[in-house]
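Below: the structure, in structure tokens.
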Amino acid sequence: MLWNRFARALGATVLVVLVVSAYTPVWNNIAIGFAGPGMIGSSDAIVVLAGSLSPEATLTDEAMRRVLHGIELHKDGLAPLLVLSGSHPEEAHRRATLALSMGIPPDAILIERTAHTTREESVRIGELLTPHAVKQILLVTQSLHMPRAKLVFERAGFSVIPAASDDYPTSLTTPTGRVWLMSRILQETLALVYYKASGYV
């Protein structure tokens, strides 16, 4: 009997959470804080973090969104260097090819092909930028990924200006979009807890 009551109470709680999450802006408001300040200024380099490849070996929407935002920032003259990371060598190659086709000079592009985690990106991109005496970076990644990525790159010695590649916090207002926001925020919160426990940030 006690177990049945607990199960019913848990089910009702989950249902309420899902309804509130899907039909109110609670997760949109939480997500706004993840993107960081909206002020973007000049920096020493633009660092575009990896997205992923589709099963067909093309850039996913997220990977494309990030690299296009980085290219736009470079074309706006906000930094002399554009660093393109890829979780797979093909991702990095495709991003570099796109940047070249959009008029970015070859000597302005630096490529990181081997990192598979945000922490690995911070370490290897740090090594890549050391000869260029880069101190401050514009960091391009998904808004919901930004808090963890910013802390990791600050730990690597950079001054970081967030440059979120999306407007998910304000654009995702459908029930499906809001539930997705909730899942990503919870995922990133758990990842941040893990990074802190591991001493990565």
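Given (1) more than 19 Å from the chain's Cα centre (by Cα); (2) more than 14 Å from Ala163 (Cα to Cα); (3) open to solvent by 70 Å² or more (accessible area, probe 1.4 Å), where does Asp61 come up short, assuming only one miss?
Among (1) more than 19 Å from the chain's Cα centre (by Cα); (2) more than 14 Å from Ala163 (Cα to Cα); (3) open to solvent by 70 Å² or more (accessible area, probe 1.4 Å), Asp61 violates only (1).
What's the number of the only condition in (1) in contact (Cβ under 8 Å) with a residue 40 or more places away in the chain; (2) touching a Leu at 6+ places or on another chain (Cβ under 7 Å) that Leu129 fails to meet?
Leu129 satisfies all of (1) in contact (Cβ under 8 Å) with a residue 40 or more places away in the chain; (2) touching a Leu at 6+ places or on another chain (Cβ under 7 Å) except (2).
If I ask for residues that are more than 21 Å from Val123 (Cβ to Cβ) and either in a helix (DSSP H, G or I) or open to solvent by less than 20 Å² (accessible area, probe 1.4 Å) (or both), which ones from region 68-92 would you list?
Listed by number, the residues that qualify are Leu68, His69, Ile71, Glu72, Leu73, His74, Lys75, Glu90.
Among the residues of region 94-124 satisfying the criterion of being in a helix (DSSP H, G or I) and closer than 19 Å to Gly199 by Cβ, which is most open to solvent (accessible area, probe 1.4 Å)?
This residue is Arg119.
Being part of a helix (DSSP H, G or I), open to solvent by 40 Å² or more (accessible area, probe 1.4 Å), touching a strand residue (DSSP E or B) at 6+ places or on another chain (Cβ under 6 Å) and within 23 Å of Ala156 (Cα to Cα) is the requirement here; does Leu128 meet it?
Against the criterion (part of a helix (DSSP H, G or I), open to solvent by 40 Å² or more (accessible area, probe 1.4 Å), touching a strand residue (DSSP E or B) at 6+ places or on another chain (Cβ under 6 Å) and within 23 Å of Ala156 (Cα to Cα)), Leu128 qualifies.
Take region 169-199 and flag every residue that is open to solvent by 60 Å² or more (accessible area, probe 1.4 Å), of a type in the set (Val, Ile, Thr) and under 18 Å from Thr141 (Cβ atoms).
Passing the criteria: Thr170, Thr189.
Yes or no: Gly177 without any contact (Cβ under 8 Å) to a residue 60 or more places away in the chain, assigned to a helix (DSSP H, G or I) and under 30 Å from Val26 (Cα atoms)?
yes
The values are calculated or read from the model by the stated rules, or taken from the named source; none is laboratory data. These figures come from a predicted structure and were not determined experimentally. Using ideal geometry, Cβ is built from the backbone for each residue, glycine included, and neighbour counts are taken over all protein chains shown. Accessible surface areas use protein heavy atoms only, side chains included; no ligands, DNA or RNA. Shrake-Rupley method; radii C 1.70, N 1.55, O 1.52, S 1.80 Å.
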